[in-house]
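> I have a structure I would like to understand better, so I am pasting it below and will then ask my questions one at a time.
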Amino acid sequence: MRWLLIIVTTSLITISFVLAIGLTLHYSYNNRLLLGIYVAGQNIGGKTTEEAKEILRSSVDNFKQSGLHYNYNDHTVNLQTDITSSDLDNIYSLVTFFPDKTIDQLWLIGHQQGYLKNYWQQIKHLISPRQYDIIIETNNDQLKEALMAEYSQFETATLSAQPIIDINNNIEISTHKLGLSFKYNDIIGQTIDRAKKLDNSAIELQREIFFPAITKGEITDDHIANLESFLNENKYLTLTHKTKNWSISPDIYKPWIIFNKKDQKVIINLNEVYISEYFEENLSPAIDQEPQDAKFDIENGRVVEFQNSRDGQKLNIESSIELINLNFFSEETSTFDLIIIEQKAKIAVRDTNDMGIIEKLGEGRSNFTGSPNNRVHNIQTGADAVNGLIIKPGETFSLIDALGPIDGQHGYLQELVIKGDKTVPEYGGGLCQIGTTTFRAAYGTGLPIVERRNHSYRVSYYEPAGTDATIYSPKPDMRWLNDTANNILIRTRIEGTELIFEYWGTSDGRKATATEPRIYNIVKPPETKYIETTDLEVGEENCTERAHNGADAEFTYTVEYADGRINEETFRSHYVAWPEVCLIGVEEEEIVEEIIIEE
């Protein structure tokens, strides 16, 4: 009986002690992150969410200042996480970090999972602290392009054995060659892993041998005989689309003929690269037609259509080549209908009498004083692309989609951006002026913001800080939702150096207000950053970027609806302090010639 009493008493004391610990932890960390939580090496346990966000933002800023580091045979490359123009406006990120989102998700641990689960999480992290990664988003295509620009000089391409056909259809087989290259997808994977941990240590690159698809020994006398038989037919390749015809003679396509593999068998094909170039130069211009949305304006109080809608079409080059390669060498047919992709216009409204567009709902403005000529031109081109669009009820407006392709064919001019140790021309400078004005017009109208991202750095065109929106195709985008019961018409205009976006429709009684941005945590820029380049004379300097202060900014956006509902949202922006960047000329390094490995 005495032992039973001791056991019961001990159990009650243990349970009480455990519950006491649980209650203590619960109340002590009700508004704080749990002890034992680390992010990218930073101890944020026991911090409030705002304290933790400040710590993580600072760590991210330091990482971005240092950049991404790669090394191969003492050829070291430092890539900035953000590719920038001289005014920091035309900018896109190789890696985008989300410190605030990371902390918001980590706060849920031990707070919103029910008492028992919360308690268990608290005890588990206290006993065994855990490291978490920061949430990131990577632009893998641009990252690969940047790496290849730096390291392709150390690569040799694989070459498959291929037929060489002379004017008399005599055939020789070229010698295949092995290649040396880097596994860029693996390098990108390592970059992602290190960026999540804010690890700036250099990634050591290793070249690997790559074997060609077809070696000379795999091509038999039968393969050569089949090719000779085909050439003796002297077939023309005929391509058709509706009433159009293109006839390609053997003299044109013979240099395109290659050996390829399908299901481990050697077959005859046309080289996809060569035939694609021919299609793009000769067929696409005659076939491709971009869809054109209907566009509208207000005249004498009525909606009028000033641009008719038109469906578009595009030559599907990849599928057309696949069709040709599947049949041209194995079937008697030599005529093929090209594969066309139909592209419907998004806005094809014809009846303008009942569109529900009767009044201005709101507007947004931004100023581009001091912009160079190319930037002003691009702003006008972008504004024209958006002007007159109709956004239907329930539709999400995407600025990237509305702008369409950003290239010279669509009227845009180039500006210089900084890539590594070089300044190179790119299209699209100034379009963040369109993004920012779109954002301001959307919250000025009381519309829900679906996607918006501030610039990484403060840009003078978009002061006050905190009200800007950066865009770069395909991401980030600037998107808002038409949650009204009627169509919304976008009207754009330029007055002097001021860009103005107006949204027209039918008011449902909502009222939108926004506080003035609060700008705080101002950080002075680091010391001038020098980048060595061979594009300048030795010792010559060219400062391409001015210094910018870092800061945080926030403003509150409130929409009061006619039925009494109130929606309030705070937009927060974090800007990294950016140093003056100067290129300095150095002597060109000697590059050791690589020996092509042959089997």
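> If I filter the range 519-539 for residues that are free of Cβ contacts under 8 Å to residues at least 40 places away in the same chain and of a type outside the set (Ser, Thr, Tyr), do I get at least one hit? Walk me through it before giving the result.
Our first condition is that a residue be free of Cβ contacts under 8 Å to residues at least 40 places away in the same chain; within the range 519-539, this holds for 520, 522.
Imposing the further condition that a residue be of a type outside the set (Ser, Thr, Tyr) reduces the set to 522.
Yes: the range 519-539 contains one or more residues that are free of Cβ contacts under 8 Å to residues at least 40 places away in the same chain and of a type outside the set (Ser, Thr, Tyr).
> All but one of (1) buried (at least 18 other Cβ atoms within 10 Å of the Cβ); (2) more than 30 Å from Ile135 (Cα to Cα) hold for Asp221, so report the exception by its number.
Looking at each condition in turn, Asp221 falls short on (1).
> Based on what the data block shows, is Asp421 farther than 20 Å from Pro517 by Cβ and either under 20 Å from the mean Cα position of the chain (by Cα) or at pLDDT 95 or above (or both)?
Numbers: farther than 20 Å from Pro517 by Cβ: yes; either under 20 Å from the mean Cα position of the chain (by Cα) or at pLDDT 95 or above (or both): no.
Here the answer is no, as Asp421 does not meet what is asked.
> What are the pairs with Cβ atoms under 8 angstrom where one residue, in the range 541-555, is under 14 Å from Ser573 (Cβ atoms) and the other, located anywhere, is surrounded by fewer than 19 Cβ atoms within 10 Å (Cβ to Cβ) and among the acidic types (Asp, Glu)? Sequence gap at least six, or different chains.
These pairs meet every condition: Phe555/Glu516.
> If a residue has to be of a type in the set (D, E, K, R), closer than 20 Å to Arg375 by Cα and at pLDDT below 95 to count, how many in the range 447-488 make the cut? Show your work before the answer.
Step one: of the range 447-488, the residues of a type in the set (D, E, K, R) are 451-453, 458, 463, 468, 475, 477, 479, 483.
Within this subset, residues satisfying the condition of being closer than 20 Å to Arg375 by Cα are 458, 463, 468, 477.
Applying the additional criterion that residues be at pLDDT below 95 yields 458, 463.
The qualifying residues number 2.
> Suppose the filter is of a type in the set (D, E, K, R), surrounded by 13 or more Cβ atoms within 10 Å (Cβ to Cβ) and assigned to a strand (DSSP E or B); does Glu502 pass it?
Values: of a type in the set (D, E, K, R): yes; surrounded by 13 or more Cβ atoms within 10 Å (Cβ to Cβ): yes; assigned to a strand (DSSP E or B): yes.
So Glu502 passes the test.
> Something else now. Assigned to a loop (DSSP other than H, G, I, E, B) and closer than 28 Å to Asp297 by Cα: is that true of Tyr457 in this structure? Can you show your working first?
On the way: assigned to a loop (DSSP other than H, G, I, E, B): yes; closer than 28 Å to Asp297 by Cα: no.
The answer is no for Tyr457.
> Now for a separate question. Could you tell me whether Thr497 is surrounded by fewer than 16 Cβ atoms within 10 Å (Cβ to Cβ) and either in contact with a helix residue (DSSP H, G or I) (Cβ under 7 Å, 6 or more places away or on another chain) or at pLDDT 95 or above (or both)? It would help to see each step written out before you state the result.
Values: surrounded by fewer than 16 Cβ atoms within 10 Å (Cβ to Cβ): yes; either in contact with a helix residue (DSSP H, G or I) (Cβ under 7 Å, 6 or more places away or on another chain) or at pLDDT 95 or above (or both): yes.
The answer is yes for Thr497.
> Got a number for residues in the range 247-297 being closer than 27 Å to Asn169 by Cα and part of a loop (DSSP other than H, G, I, E, B)?
Summing the residues that are closer than 27 Å to Asn169 by Cα and part of a loop (DSSP other than H, G, I, E, B) in the range 247-297 gives 3.
> I've got another one for you. Go through Ala562, Ala485 for me and flag whichever is hydrophobic (A, V, I, L, M, F, W, C), touching a Lys or Arg at 6+ places or on another chain (Cβ under 8 Å) and over 28 Å from Leu431 (Cα atoms).
On the way: Ala485 fails: touching a Lys or Arg at 6+ places or on another chain (Cβ under 8 Å).
Testing whether each residue is hydrophobic (A, V, I, L, M, F, W, C), touching a Lys or Arg at 6+ places or on another chain (Cβ under 8 Å) and over 28 Å from Leu431 (Cα atoms) leaves just Ala562.
> Give the residues of the range 227-246 that are free of Cβ contacts under 8 Å to residues at least 60 places away in the same chain and either surrounded by 14 or more Cβ atoms within 10 Å (Cβ to Cβ) or part of a loop (DSSP other than H, G, I, E, B) (or both), sorted by residue number.
Kept after step one, since they are free of Cβ contacts under 8 Å to residues at least 60 places away in the same chain, are these residues of the range 227-246: 228-229, 233-234, 242-246.
Glu228, Asn234, Lys242, Thr243, Trp246 - these are the residues of the range 227-246 that are free of Cβ contacts under 8 Å to residues at least 60 places away in the same chain and either surrounded by 14 or more Cβ atoms within 10 Å (Cβ to Cβ) or part of a loop (DSSP other than H, G, I, E, B) (or both).
> Pick from the range 304-353 the residues that are under 23 Å from Thr243 (Cα atoms) and of a type in the set (Lys, Arg): which of them is surrounded by the fewest Cβ atoms within 10 Å (Cβ to Cβ)?
Selected residue: Lys344.
> Would you please list the contacts, defined by Cβ atoms under 6 Å and residues six or more apart or on different chains, that run from a residue in the range 150-178 that is within 30 Å of Leu79 (Cβ to Cβ) to a residue that is among the hydroxyl-bearing types (Ser, Thr, Tyr)?
Glu155/Ser181
> While we're on this one: Taking the criterion of being acidic (Asp, Glu) and either in contact with a Gly (Cβ under 7 Å, 6 or more places away or on another chain) or free of Cβ contacts under 8 Å to residues at least 40 places away in the same chain (or both), would at least one residue in the range 369-390 satisfy it? If you could, list the steps in order and put the result at the bottom.
So in the range 369-390, the residues acidic (Asp, Glu) come out as 384.
If we keep only those that are either in contact with a Gly (Cβ under 7 Å, 6 or more places away or on another chain) or free of Cβ contacts under 8 Å to residues at least 40 places away in the same chain (or both) as well, we get none.
Within the range 369-390, not a single residue is acidic (Asp, Glu) and either in contact with a Gly (Cβ under 7 Å, 6 or more places away or on another chain) or free of Cβ contacts under 8 Å to residues at least 40 places away in the same chain (or both).
> Can you tell me which residue in the range 46-95 is farthest from Leu108 (Cα to Cα), limited to those that are out of contact with any helix residue (DSSP H, G or I) (no Cβ under 7 Å at 6 or more places or on another chain) and among the small types (Gly, Ala, Ser)?
Ser86
> Say whether the condition of being out of contact with any Phe, Trp or Tyr (no Cβ under 9 Å at 6 or more places or on another chain), within 17 Å of Tyr184 (Cα to Cα) and of a type outside the set (Lys, Arg) is met by at least one residue in the range 69-83. Spell out the reasoning first.
Quick first cut of the range 69-83, residues out of contact with any Phe, Trp or Tyr (no Cβ under 9 Å at 6 or more places or on another chain) only: 69, 71, 74, 80.
If we keep only those that are within 17 Å of Tyr184 (Cα to Cα) too, we end up with 69, 71.
Retained after the next criterion (residues that are of a type outside the set (Lys, Arg)): 69, 71.
Yes, because at least one residue in the range 69-83 is out of contact with any Phe, Trp or Tyr (no Cβ under 9 Å at 6 or more places or on another chain), within 17 Å of Tyr184 (Cα to Cα) and of a type outside the set (Lys, Arg).
The values are calculated or read from the model by the stated rules, or taken from the named source; none is laboratory data. Predicted model only: the values in this text are computed from it and were never measured. Cβ coordinates were reconstructed from backbone atoms using ideal geometry, including for glycine residues, and neighbour counts include every protein chain displayed.
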